[in-house]
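The values are calculated or read from the model by the stated rules, or taken from the named source; none is laboratory data. Only a predicted model underlies this, so the values are computations on that prediction, with no experimental measurement involved. Cβ: placed from backbone, ideal geometry, glycine included. Neighbour counts: every protein chain shown. What goes into the accessible areas is simple: the full protein's heavy atoms, side chains included, and nothing from ligands, DNA or RNA. Shrake-Rupley method; radii C 1.70, N 1.55, O 1.52, S 1.80 Å.
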Amino acid sequence: MSRLIRAVIDSDALRSNLRTLRRYAPGARVVAVVKANAYGHGLIPTALALGDADAFGVARIDEGIALRAAGITQPIVLLEGIFTSDELAEAALRSFDLVVHDTRQIELLERSPSAHAFVLWLKIDTGMNRLGFRSEEFSAALSRLERLPTPPKELRLLTHLARADERDEAATHEQLARFDAVTRGIALPRSIGNSAAILGTSAAHGDWIRPGIALYGVSPFADASAQSFGLTPVMTLETTVIATRRVARGEGVGYGAAWRAERDTPIAILAGGYGDCVPRSLAAGAPVLVNGRRAPLVGRVSMDMIAVNVAEVPDVQVGSRGVLWGANLPVEEVARHAGTIGYELLCRVSQRVPRQIR
Ligand SMILES: *Cc1c(COP(=O)(O)O)cnc(C)c1O
């Protein structure tokens, strides 16, 4: 009972999801995206479990530094590149690959005293309008990179899709057409696909794929389960019943008595609240597994606990096991009851939830 709530990480599922994604994009190399603490799964254990990945992708330089400190030797791609000359020096020291998405980053590279030859990923904005060079800026950016005082070890091209998860053929194909037009005739490796593109649009892979959410066994699509792609959830958020009671008809449960019993009802109180990762926006009726059976959330999520109606679940006692998401209860489904996406629930698993790698 010491660990009332824990995120159990299935490292076999991680490896199996990586193999599955490779089958969707035969021949492509894989940048396993482990930003945001590996989508809440724990940066270092996740990277160690993914020893077969060709490279790792992170958003912040500190994440890359932590990976190197843990002995990770694969290439590490800084997906937003560097922002200061200090970061550039750090990146050279640790041999990070850099995404280059704006002119300021090129200027930093031009002025850098370091003789490190970087692998540089030139990012093209094909319609996301977030990061990257626009079509008309692309050739100037490419030739500046080719003429750096220390020429790059290798140059690669990437773009990011805005609507691959909606299976919006028109928008995605427009982005792909722009990418093709801008890069036509340039013999450099390309990278396009995030999880949704890898699973949903075979024309949108490139030589390097960049899966994040699918590696963790979560579907990027609202209308298709992870299971339907052969993916297995990696994180199961296990919890424990810490109290039980019978609530009499007419009584309220929790803050604001936001839920009232229409009849005498057995209620289980489980460890896990918004101090852990359960969003306060999770609506009454959202499914929770207790003793392996689905039971509806009642009342408001508190900081440390939730209440569940266990009228349909036999043998519920203090110590009974609960599952907030994971095997048999996809995080995508829970997220819909909170008006968000699986990505956000996973990334929000807080420091106080211990991770157990299996
Ligand atoms: C986060 C990220 C990814 C991974 O996206 P998923 O939808 O989780 O697969 C890929 N590429 C870039 C540039 C990213 O920032």
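Count the net charge of all other residues whose Cβ sits under 15 Å from the Cβ of VAL298, scoring Lys and Arg as +1 and Asp and Glu as -1. After counting each charged neighbour, the total is +4.
For THR73, the solvent-accessible surface with a 1.4 Å probe is about 120 Å², rounded to the nearest 10. Across the stretch 144-244, Cα pairs under 8 Å and at least six residues apart give a relative contact order of 21 percent. Per-residue Karplus couplings for the stretch 349-356, computed as 6.51 cos²θ - 1.76 cosθ + 1.60 with θ equal to phi - 60°, are listed in order as 4, 7, 4, 7, 8, x, 9, 10 Hz, Gly and Pro entered as x. With a cut-off of 12 Å between beta carbons, the residues surrounding ARG336 carry a summed charge of -4, where Lys and Arg count +1 and Asp and Glu -1. Sort the stretch 1-109 into rounded, prolate or oblate with this rule: let a ≥ b ≥ c be the square roots of the eigenvalues of the Cα gyration tensor; rounded if a/c is under 1.5, and if a/c is not under 1.5, prolate when a/b is larger than b/c, oblate otherwise. Since a/c reaches 1.5 but b/c is at least a/b, the shape of the stretch 1-109 is classed as oblate. Placing unit charges on the Cβ atoms only, positive for Lys and Arg and negative for Asp and Glu, gives the chain a dipole magnitude near 720 debye about its Cα centre.
Based on a Kirkwood Rh over C-alpha pairs, give the Stokes-Einstein translational diffusion coefficient of the stretch 11-219 at 37 °C and viscosity 0.692 mPa s in µm²/s. Once the numbers are plugged in, D ends up at 190 µm²/s. Taking a Cβ cut-off of under 14 Å around SER281, the surrounding Lys, Arg, Asp and Glu residues balance to a net charge of +3, with basic ones at +1 and acidic ones at -1. Gyration tensor over the Cα atoms of the stretch 235-357: the corresponding equivalent ellipsoid has semi-axes (square roots of 5 times the eigenvalues, largest first) of 22, 16, 13 Å. Springs between Cα atoms under 10 Å define the GNM used for the chain, and in it the highest mean-square fluctuation of ILE269, ILE209, ILE76 occurs at ILE269. The relative contact order of the stretch 204-279 comes to 21 percent, based on Cα pairs under 8 Å that sit 6 or more residues apart. Exposure check, 1.4 Å probe, all protein chains in place: ARG260 carries approximately 140 Å² of accessible surface. Axis angle, to the nearest 10 degrees, between helix 11-24 and the longest C-alpha principal axis of the chain: 50 degrees. Within the chain, DSSP assigns beta bridges of which about 55% are antiparallel (rounded to the nearest 5).
For trypsin sites (Lys or Arg not before Pro), the sites in the stretch 159-254 that DSSP calls loop and that have at most 10 other Cβ atoms within 10 Å are ARG184, ARG249.
If R0 is 30 Å, the Cβ-Cβ spacing of GLU262 and GLN227 corresponds to a FRET efficiency of close to 0.30. Per residue, the convex hull spanned by the Cα atoms of the chain amounts to 141 cubic angstrom.
Once C-alpha pairs closer than 8 Å and six or more residues apart are averaged by separation and normalised to the residue number of the chain, the relative contact order reads 19 percent.
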